Amino acid sequence: MNAHIKSHLKLHMVVFIYGFTAILGKLIVLPAVEMVWYRMLIAFLALGVYLGWKKRSIAYPKEAIVRFFGVGLVVAFHWITFFHAVKISNVSVTLGCLASTTLFTSILEPLITRRRFVWFELIIGLVMIMGLYLIFQFEFQYKWGIITALTSAFLAGLFTVLNKTFIGKYRPDVISFYEMGSGFIGITVFMLLSGGFASGLPVASAIDWAWLLILGIVCTAYAYVVSVEVMKELSAYAVVLTINMEPVYGIVMAYFIFKDSEYMSAGFYAGTAIVLSAVFLYPFVLRKWRQLAERRAKRELVS
C-alpha cells in the first residue's frame, strides 16, 4: 500500500472520528458547557504533551498569541452550541444543519480576507438555504435545535476563515494548542462568573470520563494532528471534499446507535440531501472555475 492510499484511509478514519463527536455529545450526560470545558482541557494537555515530545517551540509573538486566544473563544462557543444542539434536538438535525458551514464560510471569507465574492458561491448558498428551509419546515419541533446548530455552523465558518489567516505563518499544532488553552480559560472565567463552580468542579461519572477522554484525545488532539499530517500527501481539495462526509457518517451512525430517536421525516432527508449535494458540488465547481480563470489569463497573455 503506497503513502497516497494510506493517507486517504487515514483521512477517512479522521472524518469518521469527527462524525462520532456528535454521538459522544449525546452519550455524555454533562451539560454542553461543562463538556466543552473538559474537552478543551484534555485536548490542551494532550497537545502540550505532543509538542513537548516533538520538541516544538511555542514561543510566538505576543500579537499572534492574542489573536489565537480570540479564535479559541470562538471555537469554544462553536462547540458549546454544537453539543447543546445535539442535546435539545438530536444528532441528525445537528449534523444536517452543520453542513451549512460551507455557506457561512463563502460569505465570511470575502468579508474578512477582502477577496472578491464569487458568483457561483452565492448560487450554491441559495441552494443550501432551500435545503435548510425544507429541514425547518418538516422538523419544526426541533426549531431551537436547528437555530442553535446553525449558530454553531456560523461560528465554525468564522473560526475556519480566521485560522486560514494564520496558516503559512505559524504551525497548525501550536495554533491549536493556544486555541484549546484559551477556550478552556474562557469557559473557566464564564463558569466562575456564572456560579458554575459554586458546588465545586463539574462531576463526571466513570463512563462519562471514558467518553470525555475519547472526545478530548482521539476526537480532538489525535484527529487534528492526523488531519494535518495527511496534507503532506493529499491536496487541500481532497481533504476538504472528504471532510464533507462527516454529516453522512454521523447521521448513519446515529441511526444505528440511537434507533427511533434519530428517525426523521422524508422532508428532513430531502433537505439534508440538498444541503449535502451543494456541499459536494462546491469544490468541483470551484476547481472548474479556477481552471477557466487560468485559461482566460493565459489567452490574455498570448494576445
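Derivation of every value follows stated rules applied to the coordinates shown; laboratory data play no part. Here the structure is a predicted model, which means the values were calculated and not measured. For neighbour counting, all protein chains shown are included, and Cβ atoms are generated from backbone atoms with ideal geometry for every residue, glycine included.
Computed quantities for the displayed model
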| quantity | calculated |
| --- | --- |
| CD proxy at 222 nm, helix term only [per DSSP H run n ≥ 4: -39500 (n - 2.57); per residue of the chain; nearest 500] | -26000 deg cm²/dmol |
| At least 24 Å along the helix axis (C-alpha) and Kyte average at least 0.5, DSSP helices within the chain | 3-27, 32-53, 62-88, 119-138, 143-164, 172-194 |
| Summed residue charge, Cβ within 14 Å of Ser57's Cβ, Lys/Arg positive, Asp/Glu negative | +3 |
| Rounded Å value of the spacing that divides the Cα centres of segment 166-184 and segment 257-301 | 29 |
| Segment 29-81: chymotrypsin sites (Phe, Trp or Tyr not before Pro) falling in loop per DSSP and having at most 12 other Cβ within 10 Å | none |
| Alpha carbon convex hull of the chain, projected area averaged over orientations, nm² | 18.8 |
| Most mobile listed residue (Ser57, Ser227, Ser100) in the chain, GNM with C-alpha springs under 10 Å | Ser57 |
| Loop-resident sites, segment 111-197, for chymotrypsin sites (Phe, Trp or Tyr not before Pro), counting at most 16 other Cβ within 10 Å (DSSP) | Phe117, Phe197 |
| Sparsely packed trypsin sites (Lys or Arg not before Pro) within segment 1-88, loop by DSSP, other Cβ within 10 Å at most 14 | Lys54, Lys55, Arg56 |
| Neighbourhood net charge (12 Å Cβ-Cβ; Lys/Arg +1, Asp/Glu -1) for Tyr282 | +1 |
| Straight-distance crosslink candidates among lysines, where the alpha carbon sits under 23 Å from Lys54 and sequence neighbours closer than 8 are dropped | Lys6, Lys10, Lys62, Lys169, Lys232 |
